[in-house]
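For reference, the structure discussed in these notes is given below.
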Amino acid sequence: MEDVMADNDPMVEPTPEPAPVVNYADDMESLIEFRCLACHGNGTSPNLVGFANAKAKAGRMNARVQAGTMPPGNPLSAEEQALFQAWIDGGVR
């Protein structure tokens, strides 16, 4: 009975939900393809095609996305910026 009471105690902080894991294949690949590859595709510098290239440049990409300088003239939405940040925070998988 004591455990039931603790669950209903307004003084007990609920355990936060873990943040969802963001990964390249499920979350970032389509965003990068849609928003970045027109200028940063094959044959351009920096080349962001594929996971290896995107991972190598993830920190630089995120800094520019968060600053609102990339893509120029059409920055990412707050939701897209948050997705980039979550990808970085999750270890660029």
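The values are calculated or read from the model by the stated rules, or taken from the named source; none is laboratory data. These numbers come from a predicted model, not from an experiment. As a convention, Cβ positions derive from the backbone with ideal geometry for all residues, glycine included, and neighbour counts pool all protein chains shown. Just so you know, the surface numbers come from the protein's heavy atoms only, side chains and all, with ligands and any DNA or RNA stripped out. Shrake-Rupley method; radii C 1.70, N 1.55, O 1.52, S 1.80 Å.
Just the residues that are open to solvent by 70 Å² or more (accessible area, probe 1.4 Å) and modelled with pLDDT under 95, please, taken from region 40-68.
Asn42, Gly43, Ser45
Show the residue pairs that are 6+ apart or on different chains and have beta-carbon atoms under 9 Å apart, the first residue being within region 72-85 and within 17 Å of Ser30 (Cβ to Cβ), the second being open to solvent by 60 Å² or more (accessible area, probe 1.4 Å) and among the acidic types (Asp, Glu).
Hits for this filter: zero, empty list.
List every residue pair whose Cβ atoms sit under 7 Å apart, with the two residues 6 or more apart in sequence or on different chains, where the first one lies in region 30-45 and is under 17 Å from Gln81 (Cα atoms) and the second, anywhere, is assigned to a helix (DSSP H, G or I).
Filtered contacts from region 30-45: Leu31/Glu80; Leu31/Leu83; Ile32/Ala54.
So, of the residues in region 1-32 that are modelled with pLDDT under 70 and part of a loop (DSSP other than H, G, I, E, B), which turns out to be nearest to Ala78 (Cα to Cα)?
Across region 1-32, the extreme among qualifying residues is Ala19.
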